[in-house]
1. In what sequence, largest accessible area first, do Cys375, Cys559 appear using a 1.4 Å probe?
2. With the other protein chains left in place, how much accessible area per residue, in square angstrom, belongs to segment 203-300 at a 1.4 angstrom probe?
3. With the full set of protein chains in place, find how many percent of the accessible area of segment 392-459 is carbon and sulfur; take the probe as 1.4 Å.
4. How would segment 335-396 be classified by its alpha-carbon gyration tensor: rounded, prolate or oblate, with rounded meaning a/c under 1.5 and the a/b versus b/c comparison settling the rest?
5. Could you give me the ³J(HN,Hα) list for segment 269-277, computed from phi with Karplus coefficients 6.51, -1.76, 1.60 and θ = phi - 60°, whole Hz, x at Gly and Pro?
6. How would segment 306-356 be classified by its alpha-carbon gyration tensor: rounded, prolate or oblate, with rounded meaning a/c under 1.5 and the a/b versus b/c comparison settling the rest?
7. How about segment 252-283: which trypsin sites (Lys or Arg not before Pro) there lie in a loop by DSSP and see at most 11 other Cβ atoms within 10 Å?
8. Straight distance only, please: which lysines reach the Cα of Lys278 with their own Cα at less than 18 Å, same-chain residues fewer than 8 apart left out?
Amino acid sequence: MSSNVPDNASIASAIPESKVRMQTLLEDWVARGWLRPLDGAFANFLWREVPNAPAFLILAAALASHQLGRGHAALDLASTLDDPAFALSLPPEGASTSDIENPVRLPGEVLAGLTLQQWQAALHHPVLVGHGRGDTPLVLVGSRLYLRRYWQYEQNVRAGINQRLQRSASLQTDLPVLQLRQTLDALFPPSFIPGQATDWQKLACALASRSGFSIITGGPGTGKTTTVVKLLALLQAMSLAAAPQDGQSIRPLRIRLAAPTGKAAARLNESIASAVAKLPLDGLIHGDAVRAAIPAKVTTLHRLLGSRPDTRHFRHQAGNPLALDVLVIDEGSMVDLEMMAAVLAALPASARLILLGDKDQLASVEAGAVLGELCQQAQAGHYTPNTCDWLHAVTGERIDIALVDRAGTSLDQAVVMLRHSHRFSADSGIGRLAEAVNAGDIPATSAVWKANCADLALLPLTGHDDTPFKSLVVDGQIAAAHAEKAPQEPGNLPARRGYRHYLEILRQKRPASSDGQLAFDAWAHAVLQAHGQFQLLSPLRRGPWGVDGLNQRIAHVLCDEGLIPASEGWYLGRPVLVTRNDYGLGVMNGDIGITLALPGADQETSDLRVAFPAGDDSQGIKWVLPSRLQAVETVFALTVHKSQGSEFTHVAMVLPDALNPILTRELIYTGLTRAKNWLTLAHAGSVKILEQAITRRVLRMSGLIADAAPDSSCLPVDRTLPGATVKL
């Protein structure tokens, strides 16, 4: 080590001065919104408990806490030194470092000259930092620094998945190959799909049938729901066929279906019922029993586990496991690390866990990118020759040699990527754009816009002319005079809508006061469905092009048009998004409701109520007094993050006038694939922002699929340059 690299003692000798300066710096970062108040409070707590803690340890702790708020399970010290701005994702959303008076030092200035080895040396503090099991608040693994709770979540998730993967060998041995082949052939009658030589849905069912843990991933319209319904039919058929035939009762598998949010659960409810009705079960002995044994009810994960108000804990956990044999979780990309740990803890050891989701969508809002990490190798397959031979025996399908890998892991054998989209046709602009964006292919993205696809429109927004924006949000229309790329005639597509559509149904279809509650429920259902015909999305929350600014702007436009009676407070037609679970009311984070009017007590007046879909148990409506909703916000504009698990006939996605750290390939891909039939990309600056965004990936720091011990990339490296000094 060079002579100018301090050891622990030399770092400690600088504490009196550096502690004061570091405290001041962290306070300044919190004041400017660069750190959360929670991060600053955590740093102060550590210093109160251990006053002699090195300043660089406290800095790392504050940054590790801040990374949790940005979705990272840990702070990677090496990556932070390579790109210090990454630690705070500067400038903060809706702000610019150049606009700040009395600027403070940025992370790059603070960390200049610091080496990874020096930083790791500062973290060698047995009271605060451990390297595995223990009671320290921080855990250091190689160059990853965790808050202990999240290190433990990661360990528990890895252990829970491995325990289920280890059951695969015994499950495969117990499966009768001939019966499995016959059942699969009945569920998947021969069909020809142009351009698809392999039936990946059939392969997915086969692989999942022999594993205690499995993942089915794929883009929009690849048939994830159809596949899992056939998988459940397969599991039930095999279970019922193996049941005693001596007059004893046959108990089907106990299956539960869940999703992270109420919106995702409601959507899966609809698609599951349709898929079950279409199951080809004529060739199965217990066909009717199989169909009846596939549940159509979908719940949220919080409800499934039994949320307990004012605590992070659930009623179902290791000491009180769920009573089920199979758990299917849809929209797996939205499941964060903490929730996945809770799910695995609550599952009986013998239960199967099946995850569905699009690996390329945005990860969960909370820390962790569980599905994305587990599916890192899905595109390339990595199926072993033994797996391929077994699959051929039970399905008749052959896997491309390019997807075969003798060194494939047990996890690789449990992951299947569906590769053919049934939603988007070959000439679908949305489908082609999604594929180009997902590949980060800028020339292909440009070519899609130039192809004049009927379902795409490109609309520039300028500050001096509000007409294009008004036409878009009110009627969903894009006048050729304003469009950079205007849509063609609709052809066989449904009508392009804006927010006028649901507001007109709200006014024109309202029942008479004497029509009864069922009529008002049907009216509310129609309004909610109409509201889903159009949705404005934004990547940002703050600023004029974030949802906060856009919601105000849209409300004023609709009020000026006479479509809503007011633009503030509670008013008829106000759409709201629930932002926090409320178990007393039975509404969950992500639920969307519309403010409607029910007859008052004297039948001559009207009282405002917010109508929500009833949720898991029925197709009815839940009516809630506005005054009881404590955590809602107007939702004319919705963040892309909050739109996950939803689909809309027409999506208008607004890109801001400047590149922002939050703009990434995954975010753009997630936003545009919320559209079923129409996509309008509205940009406040230049369409070049789209091209810049898709070159940037979400890289969440985690060690979920890494070895528990540090690998060579995590070993200390001396990065000191000649003459460099550590600055604070």
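The values are calculated or read from the model by the stated rules, or taken from the named source; none is laboratory data. Note that the structure is predicted; figures quoted are calculated from it, not measured. Neighbour counts run over all protein chains shown; Cβ positions are idealised from the backbone, glycine included. In case anyone asks, the SASA skips ligands and DNA or RNA and just uses the protein heavy atoms, side chains included. Shrake-Rupley method; radii C 1.70, N 1.55, O 1.52, S 1.80 Å.
1. Final ranking, largest accessible area leading: Cys559, Cys375.
2. Accessible area per residue, segment 203-300: 36 Å².
3. Answer for segment 392-459 is 53 percent, counting heavy atoms of protein chains only.
4. Verdict is oblate for segment 335-396.
5. 3, 5, 6, 5, 4, 5, 5, 5, 5
6. oblate
7. Lys278
8. Lys202, Lys224, Lys230, Lys297
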